[in-house]
1. Quantify, in whole percent, the carbon and sulfur part of the accessible surface of region A:264-372 (1.4 Å probe; protein heavy atoms only).
2. Tally the DSSP beta bridges in region A:212-491 and give the antiparallel ones as a percent, rounded to 5.
3. Quick one: angle between helix A:517-529 and the longest Cα principal axis of chain A, in degrees between 0 and 90, rounded to 10, please.
4. Using Cα-Cα distances under 8 Å and only pairs 6 or more residues apart, what relative contact order does chain A have, in percent?
5. Please name which of A:471, A:297, A:440 has its Cα lying farthest along the dipole of chain A towards the positive end, using unit charges on Cβ (Lys, Arg +1; Asp, Glu -1) and the Cα centre as origin.
6. Per residue, how much accessible surface does region A:3-195 expose to a 1.4 Å probe? Answer in Å², no decimals.
7. Please report how far the C-alpha centroid of region A:322-380 lies from that of region A:7-80, rounded to the nearest whole angstrom.
8. Among the trypsin sites (Lys or Arg not before Pro) within region A:431-476, which fall in a DSSP loop and have no more than 14 other Cβ atoms within 10 Å of their own Cβ?
Amino acid sequence: MSAIAIKHNDEIVDLVTAQEQGIEGEEIELDNSPEALDVLRHSTAHLMAQAIKSLYPDAQFFVGPTVKEGFYYDFKTEAEIGEADLKKIEKQMLSFAKKKYKIEKYAISKAEAQEKFKDDPLKLAVMKRIPDETVSIYKQGEFEDLCRGPHLPSIGLIRYFKLTKIAGAYLGGDSKNEMLTRIYGIAFATKDALKAHMDMLAEAEKRDHRKLGNEMKLFTFREEVGAGFPIWLPAGGRLRARLESLLFKAHRKRGYEPVRGPEMLRSDLWKTSGHYQNYGENMYFTNIDEIEFGVKPMNCVGHIKVYEDELHSYRDLPIKYFEYGVVHRHEMTGALHGLFRVREFTQDDAHIFCTVDQIEEQIIEVIDFVHKIMTTFGFEYKMMISTKPEKAVGDAEVWEKSEAALKSAMEKHNLDYDIDEGGGAFYGPKIDIKILDAIGREWQCGTVQLDNNLPARFELEYNGEGNEKIQPVMIHRAILGSFERFIGILTEHYAGEFPMFIAPTQVAIVPVAESHKEYAKELSDKLIDINADSEIYAKNDSLNKRIRTAEKTRVPMIAVVGDEEIENKTVSIRDRRTREQYTLSQEEFLSLIQTKINEVNF
RNA sequence: GCCGACAUAGCUCAGUUGGCUAGAGCAGCUGAUUUGUAAUCAGCAGGCCCGGGGUUCAAAUCCUCGUGUCGGCACCA
């Protein structure tokens with residue numbers, strides 16, 4: 001195999017450039033290494049542009065970078081391009097690739113380039129973003145493009161690629177600008193790698209919570225109900241109830257008090273909190289008796305009212321309130337996505353009111369809570385500290401102190417974290433928890449946010465040692481984020497095969513014949529006593545059919561009972577997916593289920 | 001909100017260039033069968049073809065405005 005590029009001082013340069021400038025370094029070969037793929041995909045983007053240009057001669061191109069999952073190119077054409085056209089473009093790309101055009105490069109001054117592309121506003125826009133005085137042009141066959149490279153020596157090396165999506169994208173990523181057409185694609189050095197990637201996409205599709213949620217009857221949406229308002233079906237209701245009850249205990253152990261605020265509050269309160277001004281566009285309002293009310297988009301204000309219900313001493317702090325708080329946020333139509341982005345959802349929300357000195361230990365306690373939950377579900381996770389954004393309230397000193405507290409908490413406990421500069425909420429810095437699911441995808445769930453703003457706006461206070469009035473710090477935190485989103489993620493993580501402790505149904509009981517129904521019912525009652533749900537499959541269908549039906553619900557365990565089992569007081573167990581069968585006594589069976597349910601303890 | 005695609009039975013999907021009474025599988029109901037570890041057989045019932053407006057002798061099919069869904073972009077306090 002020969003080199004496709006040179007790595008020099010951690011920079012990848014293409015062969016043309018290396019030769020031209022006499023650069024020497026490590027040779028990059030065309031394999032599936034990140035460096036090689038980056039070059040390959042970049043050139044594939046150009047090949048795609050070449051194909052598009054030949055099929056749609058009026059096409060003008062903006063930028064075509066490589067991204068995490070491949071590459072894309074943004075362009076503009078009068079022609080209407082749809083999904084169906086991707087195949088056509090792919091075909092054209094292959095035919096160009098077969099011609100094995102060399103990818104040539106030459107440099108011209110920016111002024112020359114501006115002259116050259118004077119009829120192409122998109123290219124001129126690209127050039128505006130380039131500070132250099134000289135720009136490089138890459139050329140393959142008739143096709144030329146302004147580009148910094150690096151590129152393959154020849155498009156003949158491009159063989160294993162696929163165009164995956166077509167979509168609109170704002171020029172320069174700014175919604176004030178016009179919208180261009182964007183085509184996404186992926187390329188690999190080998191056929192196997194491409195296939196593996198396509199298989200991974202197919203696997204992700206199989207796990208899609210919207211598909212599984214429908215199949216498993218977890219939840220649904222209905223047009224007449226309204227976009228973004230999920231409807232929880234019985235199976236989903238049971239799953240969710242299990243999660244809620246596990247989490248309830250975990251909160252109580254850590255000293256959180258369950259509270260509940262109203263679903264809507266007078267708008268004056270939202271004006272005090274600042275939500276009216278900052279977030280009002282996304283809130284639901286209603287007017288009655290000439291008073292305006294706002295449906296809560298978060299639970300803080302309710303908890304603040306709980307805090308205000310009595311006077312507090314420094315001796316009482318920290319005070320922790322929690323609530324499965326239902327909130328409404330009018331998300332934009334295009335943002336809605338299954339359970340991941342909805343307009344009504346329930347947060348596992350809590351607010352900790354504490355002294356400045358207590359911030360650090362409280363943060364650590366929350367992080368430990370997060371750790372227990374995430375590892376129980378088999379998620380790896382990482383944390384990110386987000387600092388002061390441009391649009392921020394509160395004075396700079398408080399911001400600095402809060403950010404420092406977060407960082408020092410992490411560092412003292414040797415916890416790894418990344419920093420997202422300027423990614424904080426307008427009222428304080430935060431720690432976000434990003435989890436990694438079973439197939440390596442990243443999700444943002446929990447968040448811990450420091451807030452000095454609301455305590456000030458609502459003039460919260462507690463009595464200090466010398467009976468002086470002190471403003472407490474408020475820590476907002478959610479661990480799952482929302483039940484909706486988290487259950488969506490769990491569904492995809494487990495591919496619908498929920499572990500016993502969270503599964504909507506723990507056991508499917510299949511009586512062999514009519515005469516065994518009574519024993520099945522007896523088992524089912526005993527299961528309820530140990531907090532396990534079961535379903536009896538006693539329909540007038542063949543045994544095989546009922547086992548098949550039960551299997552398809554992805555229930556963790558099937559218990560078959562017939563004459564033998566009744567006589568010996570046993571159950572015949574069939575584990576999910578494996579065809580393994582074994583017999584247990586009733587006691588063994590019940591204690592096994594009980595153990596599996598109880599082994600989880602956050 | 002923006003660009004593009006799509007919407008047919010509870011679910012998954014057929015339905016030709018506008019043209020007979022809009023079909024199938026699964027699920028449901030009724031009956032027969034009473035089953036030992038992934039689909040027993042037969043019969044029946046299911047549709048304002050997403051909604052409003054239009055074009056046409058004729059619309060599931062074409063146009064238009066909504067609603068919803070999907071892929072992205074933008075957004076996510």
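1. Of the solvent-accessible surface of region A:264-372, carbon and sulfur hold 49 percent.
2. The antiparallel proportion sits near 85 percent.
3. 90
4. On the way: 1086 pairs, mean separation 57.0, N = 602.
Dividing the mean separation by the residue count of chain A yields 9 percent.
5. A:440
6. That works out to 52 Å² per residue.
7. 41
8. Numbers: sites: A:434, A:441, A:457, A:469; in loops: A:441.
The qualifying sites are A:441.
The values are calculated or read from the model by the stated rules, or taken from the named source; none is laboratory data. Owing to the predicted nature of the structure, the values given are computational and were not obtained by experimental measurement. So basically every Cβ, Gly included, is an ideal-geometry build from the backbone, and we count neighbours across all protein chains shown. For the accessible areas, the whole protein counts, side chains as well, though only heavy atoms, and no ligand, DNA or RNA atoms are used. Shrake-Rupley method; radii C 1.70, N 1.55, O 1.52, S 1.80 Å.
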